[in-house]
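Only one structure is covered here, and it is reproduced in the block below.
The values are calculated or read from the model by the stated rules, or taken from the named source; none is laboratory data. All figures in this text were calculated on a predicted structure; none of them were measured in a lab. Note: ideal-geometry Cβ built from the backbone for every residue, glycine included; neighbour counts use all protein chains shown.
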Amino acid sequence: MGFDTIVGQQLLKKTLQRSLQGGETGHAYLFSGPPGCGKRTMALLFAQALNCGAPDPPCQQCSSCRKSASGNHPDLYRLVPQGNSLKIEQLREIRESLHYLPVEGRHKICIIEDAELLTLPAANSLLKILEEPPSQLVFILLCSRPWALLPTVLSRCAPFMLKPLQPREVAALLERQGKVPPRQQELIIALSGGNPGLALAQAEQGLEDTYGEARSLLKAVEHGSAAGIFALAEKLSARTDLSALLDILLYIYRDRLVYTLAGCAGEALLESGALIESVAEADNMEKGLFLERICRALLQIQNEIRGNVNRRLAIEVLFMQMRGVI
Ligand SMILES: [Zn+2]
């Protein structure tokens, strides 16, 4: 129960637990990390713990914990962006009540999501509260880009960065979710980058179809006709999930590279799903350099498609590289 429901983040959990046990809570915490890293879950557990009376809070069973989880605790406030920003009006609405004593719990808690979206007037208003906070008030700011926060706000927060999960932690997370086939688990561990939110979304959607498609694509590019791959490039350039497909291609090429450099070849590799038969007889060093170039090209195109690039042209160039023509 409690903090154990979160996989990983041992140091952060221990630090929070220690401050709860010592009764030494601060007035402002900043949980940062990319979307999906678990900031919101951690903040909610911490908020529950601050007002839970159990010996090892949060118990998640008492009335206070349940009210916090359902969003009905009178001492827990949540600010989320309205449109593209957190506006001063939103802070004004709750500012006065934050100064009153808690209704039920020991603390008044205000979770501010996407804190980097605070407008300058809103950030200044928050700063004013932080300069002389009422003793029972605790802010928990959640942020993907802490460098975008006002430095004066940042300096008043205890900063905590959520770390990417280790592969074994992603595996533990997936096991908690029930049956995820081992092959799929391996793919998710490789593609989620240790992000629990992304790993769970991938487990939910399933990666088998995209993986199968990536393998077919690879065959078509390496062994199909030149005209065919230009048509493929055109089709792919319109896809909204192109990035997911490129991620899997990168995974396959990385597999090929690792096994090629390790001097392995052939059948053993097929277990990991990589199409390595074509590299089996090649000179390993030369092949390794070629695969490394493709890995770099895949990373580069991932960056390019986020910008204003001619996607079709970029994919055509990638396919030519994969084919070994350029
Ligand atoms: Zn409780």
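Some observations on this one:
- Helices (runs of 4 or more DSSP H) completely within the stretch 108-193 that count 1 or more residues being β-branched (Val, Ile, Thr) and within 22 Å of GLN10 (Cα to Cα): 167-176, 182-191
- Among helices (runs of 4 or more DSSP H) entirely within the stretch 1-107, having at least 1 residues that are closer than 26 Å to ILE129 by Cβ, more than 16 Å from the ligand (Cβ to nearest atom) and more than 26 Å from the chain's Cα centre (by Cα) singles out 10-21, 88-98.
Listed here are the residues, each with its yes/no results for (1) under 28 Å from GLN21 (Cβ atoms); (2) assigned by TED's automatic domain parsing to the domain that holds ALA148; (3) out of contact with any strand residue (DSSP E or B) (no Cβ under 7 Å at 6 or more places or on another chain).
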residue: GLY53; (1), (2), (3): yes, yes, yes
residue: PRO58; (1), (2), (3): yes, yes, yes
residue: LEU76; (1), (2), (3): yes, yes, no
residue: GLY83; (1), (2), (3): no, yes, yes
residue: LEU86; (1), (2), (3): no, yes, no
residue: SER97; (1), (2), (3): no, yes, yes
residue: GLU116; (1), (2), (3): no, yes, no
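- So GLN90, is it in the same structural domain as LEU44 (by TED's automatic domain parsing) and within 23 Å of LYS13 (Cα to Cα): no
- Of the residues contained in the stretch 31-41, one or more are found to be closer than 30 Å to GLY193 by Cα, among the hydrophobic types (A, V, I, L, M, F, W, C) and surrounded by 13 or more Cβ atoms within 10 Å (Cβ to Cβ).
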